[in-house]
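Only one structure is covered here, and it is reproduced in the block below.
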Amino acid sequence: MSASDASAPAVPVAPAGRVLIALSWAGTIVFGATALPVALGAAALDGVAIAVALGLFFASLGVWAWALLAAIARTARGDDVAVTTLFLVEGRVPAHVRWSLYGSLAACLAATVASAAANPFGVLVPMYPLGCIGLWGARHGTFPPRRTAASR
């Protein structure tokens with residue numbers, strides 16, 4: 001943590017932001033709970049694991065669309081939102097939020113790597129926590145004001 005981070009005022013996490021973090025973790029946990037047993041040989045759960053993986057992937061499409069539409073709306077209101085800053089959750093973001101969002105993605109990636117041979121559809125699932133990161137950034141992140149063409 002740099003000296004500027006220590007002196008920055010704490011940014012409260014809105015209840016909606018906490019719900020989004022919880023949904024990201026819930027998807028990761030459900031995916032891991034269905035995909036890992038299949039990877040360990042529980043063939044009886046194969047159909048459930050495929051359904052969960054595809055369900056989370058299709059849910060991620062909605063999350064991504066919502067994130068991008070929210071980012072477009074923020075840009076229209078004058079924020080300088082770039083895709084990279086949106087998904088890297090830059091700016092004044094509480095460390096626990098950043099760790100939680102990226103922790104969910106890391107756990108999902110670990111479950112994906114561990115189960116990809118048994119459930120190839122699982123490779124689509126990391127799109128869900130990544131979309132949650134973008135949606136959190138679009139809804140709750142801070143961005144600098146957009147520069148106008150005249151100020152360039």
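Taken together, the values in this text are just the output of simple stated rules run on the coordinates, not laboratory data. All values derive from a computational prediction rather than experimental measurement. Methodologically, a virtual Cβ is constructed for each residue, glycine included, from the backbone with ideal geometry; neighbour enumeration extends over all protein chains shown.
Considered as a group, the residues in the stretch 123-149 that are farther than 20 Å from Ala26 by Cα and β-branched (Val, Ile, Thr) include one that is surrounded by the fewest Cβ atoms within 10 Å (Cβ to Cβ), and that residue is Thr148. Restricted to the stretch 23-64, and to residues there that are among the polar types (S, T, N, Q) and closer than 12 Å to Thr112 by Cα, the residue that is surrounded by the most Cβ atoms within 10 Å (Cβ to Cβ) is Thr28.
Within the stretch 80-91, does at least one residue satisfy the condition of being over 19 Å from the mean Cα position of the chain (by Cα), over 13 Å from Gly131 (Cα atoms), without any contact (Cβ under 8 Å) to a residue 40 or more places away in the chain and assigned to a loop (DSSP other than H, G, I, E, B)? No, every residue in the stretch 80-91 fails to be over 19 Å from the mean Cα position of the chain (by Cα), over 13 Å from Gly131 (Cα atoms), without any contact (Cβ under 8 Å) to a residue 40 or more places away in the chain and assigned to a loop (DSSP other than H, G, I, E, B).
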